[in-house]
Structures are given as structure tokens and as C-alpha cells.
1. Being surrounded by fewer than 16 Cβ atoms within 10 Å (Cβ to Cβ) and closer than 21 Å to R692 by Cα is the filter here; which residues of segment 589-613 pass it?
2. Under 17 Å from I214 (Cα atoms) and in contact with a strand residue (DSSP E or B) (Cβ under 7 Å, 6 or more places away or on another chain): which single residue out of T285, T304, T308 fits that description?
3. Any residue that is modelled with pLDDT of 85 or more, part of a helix (DSSP H, G or I) and of a type outside the set (A, V, I, L, M) - is there at least one of those in segment 379-387?
4. Could you list all residues from segment 42-60 that are assigned to a helix (DSSP H, G or I) and within 19 Å of Q16 (Cβ to Cβ)?
5. Condition first: open to solvent by 70 Å² or more (accessible area, probe 1.4 Å) and of a type in the set (A, V, I, L, M, F, W, C). Now tell me which residues in segment 517-570 satisfy that.
6. Kindly evaluate L512 against the criterion of being at pLDDT 90 or above, assigned to a helix (DSSP H, G or I) and either touching a Leu at 6+ places or on another chain (Cβ under 7 Å) or open to solvent by 60 Å² or more (accessible area, probe 1.4 Å) (or both).
7. Out of the residues in segment 614-627 that are open to solvent by 20 Å² or more (accessible area, probe 1.4 Å) and assigned to a helix (DSSP H, G or I), which is farthest from S535 (Cα to Cα)?
8. How many residues, within segment 588-613, are touching a Phe, Trp or Tyr at 6+ places or on another chain (Cβ under 6 Å) and outside any helix (DSSP H, G or I)?
Amino acid sequence: MAGEERALAVLLRALQGLTLKDFQEFRTKLSEVQVEGGWNIPKDLLAKATHPRTLVSCMGQNYSEDTAMDVAIGLFEEMNQRDLAEKLLDEKVKEFQRRYREHVAREFRRYKELNSSLGDNVSVSSRYTALRMAREPRSQQGAEHDAVGTSPGCADTVTVTAQALLKPQEDGQPPQVVVLVGAPGMGKTMTVRKVMVEWAEGTFYAQFDYVFCIDCRDTARTKAASVADLVSKCCPGRRAPVGRILDDQKKILFVFDGFEALGFSLVQPADELSSDPREVKPLETTLMSLLKKTVLPESSLLITTRPTALQSLGRCLEGEHYVEISGFSAAMREEYFHRYFENNDKADMAFRFARGNEVLYSLCVIPAVSWTVCTILKQELSKKKNLAECFRATTLMSLFYLSWLMRRRGRDHGQDLQPFLRKLCSLAADGIWKHKVFFEEKEIKNHGLDQPDLLPLFLNEKISKKGADHGKNIYSFTHLHLQEFFAAMFYVLEDDEEIIDSSSLVKDVNVLLESYDESRKDLNLTVRFLFGLISQKSIEYADETIGCRISPRAREDMLRWLQERHRGVSHPSQALKLSQLDTSHFLFEMNEESSVRSALGRFTSVDLEDVQLTSYDQMALSFCVRQWAGLGCVTLRGCSFHRPRPTEELATSVLCSGAPGGCPRPLAELDSPIHPLCRALQHPGSHLRVLRLQWCGLSESCCAALAALLAQHPSLARLELGDGTLGDSGVRLLCQGLQQPGCRLRVLR
């Protein structure tokens, strides 16, 4: 209402400046006005409006603000009062600009996330986390780059923030065209939201009077339009002063979000391009006119696109600057978790668990994966579940991310996605076998992946400027771990064909498992994903959400391999022992208690040597130990333990089950690097008799956890410790455990 009062106040001053004769002429002409879709002011009311103030009040009561201003401007022009008409028009434009900023703020300040409840929108300011963005020098625009997760990147790039995308460069001139490049899920649209909100709030981009965001996914359905039509579609109401807006080109920024979604040819004859912003042309011609600067040549452009559209886009632009998004740094990942949870304690718990899983943490460099991880962990926290047991999630979260990618394509394209996904998995597996992360265009065609509407969802595209491949398109998966995930899917997806495409890969999971056991330890993560994919939860999720069926035969073969792989290590006359830590990784990824009992049912001991046990290793081993009733002996020689921060382990204890009987655990015990293993060994039904921790660098902080184990374990009879620095206080803690009534120890070495 304040804006309406300002506009009518300007109109009042204009009428007060008229001579009596001109005022009477204005009133007479007003009685003859025909308002489209409206009505005339009754003549009896006009007859009583003998003073400018009463006339303005009469117009305000019968017309909207926009209509009143438009009518007055038209009448002043008829009366040749052009100065007054110009003043009113200026005021109308100022008021519209203010309302347009408010409209943009309303539209972009909050957004709806996938799977969120109705009305449960998220604030951009509370969720947005800065991204790693680098402005590539001219010599590298369009050059080949590494897939995320395969190299640290180019040292020559210049870091840039969302606020500085259009700031002046070294030559003092701001870039007129900026192309923001990033794979799906890297945060391009979120960056656009940030730009729009900060402009609307007056924080940044003050050099522009108007910023118009054109969603290419929605606009692609438009057959024909002028530039003025595109502007009007962005504006609230139907009376936008488009002519005046377009007059000052330098003050306009057009933002094209998701340029690759347009999908039409960017080759347009020069004589068909438009120079008139009001000329209606086919949509591709109008957009090409903006890109080629034949229309509004002084306006600025910010274009977001996936890498696969860069080559064709580059042919249309001149003087463009490229900025590439490469996801979150370590600090940014932690900040994102805190912004997502809005609760420091829960954010710390979730982030530390994510960081404890090296593969998952690496994938969190992709903002969409970080969102996936946070979404699932938030659900687990709301159920008060043990977060450690969520870490079947490396595979499940990858499946969740895949379903997110497929939803970006739309629900109407499931039929063409399924065969494409199988071909993509074949390419991934072919690359894993050959140690390849970059693929030439002929390989893409040979696998049947040359589908421009689907390819950008999964692969990055760059033009190589290296050696013999100069000028050729090079493709890579968004992240190396995603390539390993898709390679695993190749072996377990149900398919009638034994050989896919021209890669001649035999689709036999046994071949992969045998190669892994014999020499190809680099296949570890692919095998880990294999076991995650054959879990019952993954099978159900893949079928219901992605429409893919997991082969039951592959599941049988893999479980059989897992049971038999340790037979050659153990002596025939001895009981079977678990001597390879990766077995616990595979079972942990399945996260099925029954599978652990089945796979390890005939094993009686763990025997590991010279292993550095990470947080993930300890979670995996502890998960298996809790389901392993027949475990009688644990021997660790020369092993080291990742030492958690006190608050990290304390957070674990808050969420996980406490000591038997619900007793709180002392902080000294929680601070111990062997606390997770000792806690797992106390599970009900444990028949552990022997625990050997030799040359493991145990310190006195480990003694509290060992003392608790001694005090409560009903069958532990032998404890062997060697080459430790337990200290006097550590030994006293052990003695306290030995003195407890529940201690059954017979031998301490």
C-alpha cells in the first residue's frame, strides 16, 4: 500500500501543477476513458471531484494503482503535457522495480526440496553453502578436465564466489557473458537462487536494475516468443513497463538456468536473427539473438549448463567467461551438514559418521550426494537409531542419488532410461577393467550412449586439447566412485544378454570376484558395491524406485564366494578363521544380520595382522562381531586404531545403545580407540574366550574399555597384551576390571 500511496502522491502533485483550464480538460477526458476489462468512473462522482485531491481519491477508489497511472499518463500525452507524463512514467517504473524485487524475493527466497512435506519449504539463506568455483583462463576454456575425485584440478584457475561472478576482471571490465558449468547435482540451480535472492535484497549485483531468471526446462515448451515476452513472463501482473525496462540494456541481467534442457540446434542463419526485442520469432531464434548479441547487445548473460552442452554453446558466444563448479571442499561439506541440520549436536554426529566412511565422504563433494546423506541420516536420527548401523548406506545412498538423477529426467521417460542405464553400466565396467576414467566419443557410440538428452545426467563432456586427441570430445563419470558403483550394477542387473555392446565383457560376477582375489585389489570398492546391491533393501529399492531388477543368481554366487574364500588360508585341520578385513566390509555393506550369521557361521576366529583400522573398518568389524555367536578368538597383531575425538565417540554413545543394563559409560572408556570393538564384543550371546592385542600400540586410554570388557564378559578367559604403553594408571584400571564379580579371566599375559 505504501507504494500505491507514493504513486498517487506523484499524480496529485502533477494535477496540482496544472492550470484550472488544463485541470478541467483532464477531468473531461477522464469521463470519456474506456478501461479495457474495467469500468468508467461514474459521471456524478467526477462532477463532485472539483479539486485535484478529490479527483485523485476518486481515481484511487475506482482504479487499481497501475490503471490509474496508465490512464493519467495517456491523458497527459493527449494533452501534450509530456513532461508530466514522463514524471508519472518514471514513478511507475520505480514502483514496478520495487515490486519486482519483492516478487523475486518471494519466488526465490524459499524452495521445496524433493520428498519434503507440503508447505515445508527451505530458506536459501539458511541452506546455501559456498561452492568451489574456479574461473578458467581463456587458454583452458573447453579444455579437458579431470573427473571429480580423480585429480586435485588445475592450479591455474582463479577461485570465484557466487557474489563475484560478474565483478570486474583484471582489465577493470565486468564480464558481459558468464557460463557456469557443472555436472548434475553440483549446485548450479542453487547458485542461481543465491544470485536472485541477493540481487532482490540489494546485497550484491547492484549494477543491475533488473535480473530475469529464465528456467530453460519450462521455457523449452514455448514455441515462439519475443524477448519482451520472456521478460513479461518473469514479471508479476500483466502491466509490466517492458518498453522502459528494455531501454537501459546495461542494467539488465538475463539468467538462463539449465541451458542444456533446451535441446534444440544452436545453428541459426544470421539473417533470421532478430534485433527488435518486441519481434516474435521461434524460441530458438529469439534465444540465439540474445546469445549472439543481435538484440539487446549491452545486456549481460549468466548461463548455467552441464558440460555436455559446452561445445555447441561456445559456438554461439563471444567474449564469454567460464566458471566451473567442482563441488564442496572438506570445510564446505562440514558447513553444509550444519546448515542442513540446524542443530550443532546432530550436525556433528552426522558429519563425523559420514567422515568415518571414506568412500561416502569422498562422494559428498557432490552437493546432491551431501543432501542425500543428510536426508537419510536425519530420518535415522528421528527414529533414534544407531547411526553406525546406517553405514550400509554407501550403496543405498548411491542408489538414492541415482533415483534423484532419474527424477531430474522426468517420470515420463522411464522406458528409455532403463536400457540406457544398462549400457552406461557396461561402459563403467569396461573402464574399471582397463583402468580408464576418460572415454572417447567412439566408445560412447559403441556402447549406444550417444543420446544427448540422457548422457549429460551421468557423464561430463570436455574437448581435449592434448596430443592426438586434440579437438575431440572426452567423457568421464562425475566421480570415480560413481563409475565403480555403475560398474558393480553391470554385474548384478538382471539381463538376458550375456555380452553387452562391443565391449565383449562377460557378465559373470564370478570372473570379477576371482580377479579381485587373485590380483586386482583395485576392484575393492566395486566388490563392496556389489554386496551392497544384493542386500534385500537394495533389491527392493532398485525395483520399486529405479525399475531395475537385481539378479538372485548373482546374490547366491557372491555369498558362496564369501564363505569359500578363507578355506585356502586356514589349515584343513584347524577351525576356519577370518583373516581378511574386506570380508567384514562386504557383509557390512549388505547390512543383513542373517547374511553375517550364514557367511561366518563356520568361522571361529579373527586373525588380522599389520592393518590400520579406520573408523569405517571398526564399524564394519564391530557389526560382524555383534552377529557372530561362534566367535571364540580375536587376534590383532601390529594393528593400529583410528583414534576418535572424545566428542565424536561421545556422540556415538548418545545415539547407540549404552552399556549393558543402561549404565552410562565413563568418558575415559569412550575416548579409547578400541572402544567400538570392545563394545561389540560385549553383545549378548558372545562366546569369546581369547583376545590378543599384540604390538597394537595400546595406551592407558585403552584400559578403561578393556576393564569394562573384563568386568562384564561371561566367557573371556584369556587376554594377551604386548608392546603397549599402558602406564601405571592404565594397569590400575585393568586391575579394577579384574576385581569385578563378573570377571571370568584366567590368563593375563
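The values are calculated or read from the model by the stated rules, or taken from the named source; none is laboratory data. Since this is a predicted model, take the numbers as computed values, not measurements. Cβ coordinates were reconstructed from backbone atoms using ideal geometry, including for glycine residues, and neighbour counts include every protein chain displayed. Protein only, heavy atoms only, side chains kept; ligands, DNA and RNA dropped before computing areas. Shrake-Rupley method; radii C 1.70, N 1.55, O 1.52, S 1.80 Å.
1. R602, E609, D610, Q612, listed by residue number.
2. One residue alone meets the criteria, T304.
3. For segment 379-387, residues modelled with pLDDT of 85 or more, part of a helix (DSSP H, G or I) and of a type outside the set (A, V, I, L, M): absent.
4. Selection gives L46, K48, P52, R53, T54, L55, V56, S57, C58, M59, G60.
5. Scanning segment 517-570 gives a single hit, V569.
6. In short, yes.
7. Among those that are open to solvent by 20 Å² or more (accessible area, probe 1.4 Å) and assigned to a helix (DSSP H, G or I), it is S615.
8. Summing the residues that are touching a Phe, Trp or Tyr at 6+ places or on another chain (Cβ under 6 Å) and outside any helix (DSSP H, G or I) in segment 588-613 gives 1.
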